[in-house]
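What follows is a structure written as structure tokens; I'll ask about it next.
Bear in mind that the values in this text are calculations on the coordinates, not laboratory data. Here the structure is a predicted model, which means the values were calculated and not measured. Cβ placement follows ideal geometry from the backbone for every residue including glycine, while neighbour counts extend to all protein chains displayed.
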Amino acid sequence: MRRKSVFPLLLALFAYLAILAFVLAKTTLSPWLSIPILLLAAFFTAWLLYEYLMRPIRALMQVADSIASKDLSSRMPENQSWEIARLAEFSNYMLDRMAASIERHRESRDELQLILSSVEDALWVQDMEGRIELCNPIFQELFPGAKDSPQAYCWEVIRERDLLRVIKEVSDEEKARLSEITLNEHTYLLSASLNRDAGKLIFILQNIDDIKATEQMKKDFAMNVAHELRTPLTAIKGFVDIVKDDYPQNRYLGIIQRHTDRLIALVGDLEELARLERAPQLDIQDICLKTFFSNIQSIFEAALKEKGLSLTLDIEPANLRAKLDPYKMEQVFINLIDNAIRYTMSGGIHIYARQQDAELILIVKDSGKGIPPDQVPRVFERFYTVDQSRSRSTGGTGLGLAIVKHIVVSHGGRISLDSTLGKGSSFRIVIPAK
């Protein structure tokens, strides 16, 4: 930018005043006349200087007014005097940068809106106080109040009690969460995540009606298949028993009978698993654990004696009580102890029961063959057996531990396995005491 200097103007004005004063001094005019002339000349000079200096300042003020009116195209005029030139240059530079930044922000906002509009699930962002800062059209369709009241609090827009409860829990705990929510007879999966640096909570509400329908179809299919198989299998078993009584020496009938028994056990486990997956109904009772485990111990007395194994109980305190469904928890320990007896050749089985803080700890430990470390995470899968040939020879169906896990989870608990190959396995069950 070419800069003008104000010094030549000042020098010219000073010379003008000096010459005027010298001329007036040489003239015969009285002081009363020369002084007003000098004052008038000085006033005129000051006015010229004022106008010269104020012109760029007025231009700067006009640019500021235009920016305040959201007109970012205004710029300071060039060819200013050197006193104002640096300010004009800096102002225009900052205005260019601000306009570029606003343009980038506008492009980013448009891209974000495009991305949000393309998301098929309800998505919204809120601060830690609950104010909704951003949402997509799907969320506005699901909760119309979000369109009418931008920047509203979540409880002003969302009227679903269960959803608000989960949002509050996530806000209080400040950690990510995945929950299943039912809204207007539809099932949604709520995914909540936290950006700690920005102090924002991000929620995604995904409709999983199709997934739930598919799951229900699978459960109904398993139940229907099990129901249809039970009748012919029972008939086959009955006729095999009759024929075997007449021909006890026929070993083929024994093979048929053994495999029929295994199929019937498999069908029974499928039915039980399907019932648990549908909606487990718990009959919670206050039970004495010592009596509970003593009854289970009596069930396995013959099997333990046959293999020369021991079953010891370690309950502390001895009068420890718990609120459980006795029938379903009996299924759990019958499965675990039965597995332990099958795969333990020597030693014994130990059952521990402890009250730790607000949790009930139940452990079934054996001295059996153990499980390879790479297979431990899969033992609770349906039909998964560590050794397929060993499972067939021992009569297992591969569904026992899946049933065990469902029963424990239905009690609000969790189950884990710690196993060392050649040294045995330990199943640990943790159930909330309440």
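Return, ordered by residue number, the residues of the range 168-182 whose backbone nitrogen is under 18 Å from a label point located 7 Å along Cα→Cβ of A358.
Those under the cut-off are 168-175.
Subtract the Cα-Cα distance of E301 and L282 from 0.36 nm times their separation in residues, and report this length gain in nm to one decimal. The partial results should precede the final answer.
Details: separation 19, 0.36 × 19 = 6.84 nm, distance 2.82 nm.
That pair, E301 and L282, stretches by 4.0 nm at full extension.
If you don't mind, another one. So which GluC sites (Glu not before Pro) in the range 89-145 pass both tests, a DSSP loop state and at most 10 other Cβ atoms within 10 Å of the Cβ?
Working: sites: E89, E103, E107, E111, E120, E129, E133, E141; in loops: E120, E129.
Taking the range 89-145 and a limit of 10 other Cβ atoms within 10 Å, the loop GluC sites (Glu not before Pro) found are E120, E129.
Under 9 Å from the Cβ of L183, count the other residues' Cβ atoms, weight Lys and Arg +1, Asp and Glu -1, and hand me the total.
Computed value for this residue: -3.
Under the definition of Cα pairs under 8 Å and six or more residues apart, what whole-number percent is the relative contact order of the range 119-207?
Details: 150 pairs, mean separation 25.5, N = 89.
Across the range 119-207, relative contact order equals 29 percent.
Which one of I138, L123, H186 is farthest out on the positive end of the charge dipole of the range 119-207, using unit charges on Cβ (Lys, Arg +1; Asp, Glu -1) and the Cα centre as origin?
L123
Which order do peptides 363-369, 183-189 fall in by mean Cβ count within 10 Å, highest first?
363-369, 183-189
Which shape class, rounded, prolate or oblate, goes with the range 304-357 when its Cα gyration tensor gives a ≥ b ≥ c as root eigenvalues, a/c under 1.5 marks rounded, and past that a/b bigger than b/c marks prolate?
Cα axes put the range 304-357 in the oblate bin.
Which FRET efficiency, nearest 0.05, do E129 and M54 yield, Cβ-Cβ r, R0 41 Å?
On the way: r = 49 Å, r/R0 = 1.19.
So, using R0 = 41 Å, E works out to roughly 0.25.
Between D210 and T182, what is the label-to-label distance in nm when each label sits 7 Å out along the Cα-to-Cβ direction?
Once both label points are built, they end up 2.3 nm from each other.
Summing +1 for each Lys or Arg and -1 for each Asp or Glu, what net charge is found among the other residues whose Cβ lies under 9 Å from the Cβ of I415?
On the way: positive: K405, R414, R428; negative: none.
Around I415, the charge tally is +3.
With contacts defined as alpha carbon pairs under 8 Å and 6 or more residues apart, what's the relative contact order of the range 284-393 in percent?
Across the range 284-393, relative contact order equals 25 percent.
Taking 0.36 nm per intervening residue step and subtracting the Cα-Cα distance, what contour gain separates T234 from E141 on full extension?
28.0 nm
What is the gain in length, in nm to one decimal, between Q62 and F90 on full extension, counting 0.36 nm per residue of separation less the C-alpha to C-alpha distance?
8.5 nm
So, counting K/R as plus one and D/E as minus one, what does the shell of residues with Cβ under 12 Å around V240 add up to?
Details: positive: K237, K244, R258; negative: D241, D245, D246, D261.
So the surrounding residues net to -1.
Place the peptides 351-362, 233-244 in order of packing, highest mean first, counting for every residue the other Cβ atoms within 10 Å and averaging per peptide.
Working: 351-362: 15.7, 233-244: 13.8.
Result, highest mean first: 351-362, 233-244.
Hand me the trypsin sites (Lys or Arg not before Pro) from the range 122-215 located in a DSSP loop with no more than 16 other Cβ atoms within 10 Å, in residue order please.
R159, K175, R196
State to the nearest 20 debye the size of the charge dipole of the range 285-432 about its Cα centre, where the only charges are +1 on K and R beta carbons and -1 on D and E beta carbons.
Magnitude of the dipole: close to 280 debye.
Another question, if that's okay. Could you check the spin-label model distance between V243 and N319? Points 7 Å from the Cα along Cα→Cβ, value in nm.
Spacing of the two 7 Å Cα→Cβ label points: 6.0 nm.
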